[in-house]
1. Classify segment 31-132 from the C-alpha gyration tensor, please: rounded if a/c falls under 1.5, else prolate or oblate depending on whether a/b exceeds b/c.
2. What are the ³J(HN,Hα) couplings of segment 9-15, residue after residue, when phi is run through the Karplus curve with 6.51, -1.76, 1.60 and θ = phi - 60°? Round to Hz, x for glycine and proline.
3. S59 versus R147, label points 7 Å from Cα toward the beta carbon: distance in nm?
4. What residues qualify as long-range amide H neighbours of S112, i.e. H under 5 Å apart, gap of 5 or more or another chain, H built at 1.01 Å from N?
5. Give the average over all directions of the projected area of the C-alpha convex hull of segment 61-117, one decimal, in nm².
6. Which of the peptides 9-22, 94-107, 46-59 is most tightly packed, and how do the rest follow, judged by the mean count of other Cβ atoms within 10 Å per residue?
7. From the backbone phi of segment 34-51, what are the Karplus-calculated ³J(HN,Hα) couplings (6.51 cos²θ - 1.76 cosθ + 1.60, θ = phi - 60°) in whole Hz, Gly and Pro given as x?
8. How would you rank Y2, Y42, going from fewest to most other Cβ atoms within 10 Å of each one's own Cβ?
Amino acid sequence: MYMPTTGILSISDRDVTQNPRLLELAIRLGRECLQVGVASSYQIEPIFGMSVEEILGASDEVLKRTLQTLFTHIGQKRAINAFLQDVIKGRPTEVHQLNGLAVAKGLAAGISTPLNQEITQIVKRLRLVNWDLGQRTWDAWRVCYKRKRAAAGQTY
């Protein structure tokens, strides 16, 4: 569920693991989706051999190491995922079917998904106004998210 960040910033999966803020964002996006899946009674298969309970109970450090190990072992250093390839080639992305679905199902289940909601909206704006990819987009995302979080009285 982190893949839109690679498209927004025009970076590789591995780049995500090299940036502590992006790695934390990837974990939080995934946690939101997993919570929605559990609340929606989806059957969640083990991920990297870890059960849903183990993932939900895992510290961020364990999940960071897991992602870092995964991205170190797949692809080359500059390999890009399907989401970023779609952005580069001007094709529609799956953000609404993945992150957007997590938002919709979260609303139905009473689960807050502020990060998935914001990332979905940023990609939508990216496509509508043809934003430049990179740091400027990341800065805009941070400002929007902080404003939304403060308005909702959330501290995480």
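We did not get these values from a lab; they are worked out from the coordinates using the rules stated. Model, not experiment: these values are computed from the prediction. So basically every Cβ, Gly included, is an ideal-geometry build from the backbone, and we count neighbours across all protein chains shown.
1. Values: a/c = 2.29, a/b = 1.17, b/c = 1.96.
Since a/c reaches 1.5 but b/c is at least a/b, the shape of segment 31-132 is classed as oblate.
2. Coupling constants for segment 9-15: 9, 6, 10, 8, 4, 4, 4 Hz.
3. Result for the modelled spin labels: 3.7 nm.
4. none
5. Details: hull surface 21.8 nm².
That works out to 5.4 nm², a quarter of the Cα hull's surface.
6. Numbers: 9-22: 17.2, 94-107: 19.0, 46-59: 12.5.
So the order, starting with the most tightly packed, is 94-107, 9-22, 46-59.
7. Couplings: 5, 4, 5, x, 5, 5, 8, 6, 6, 7, 9, 6, x, 10, 6, x, 9, 6 Hz.
8. On the way: Y2 23, Y42 12.
By the 10 Å Cβ count, ascending: Y42, Y2.
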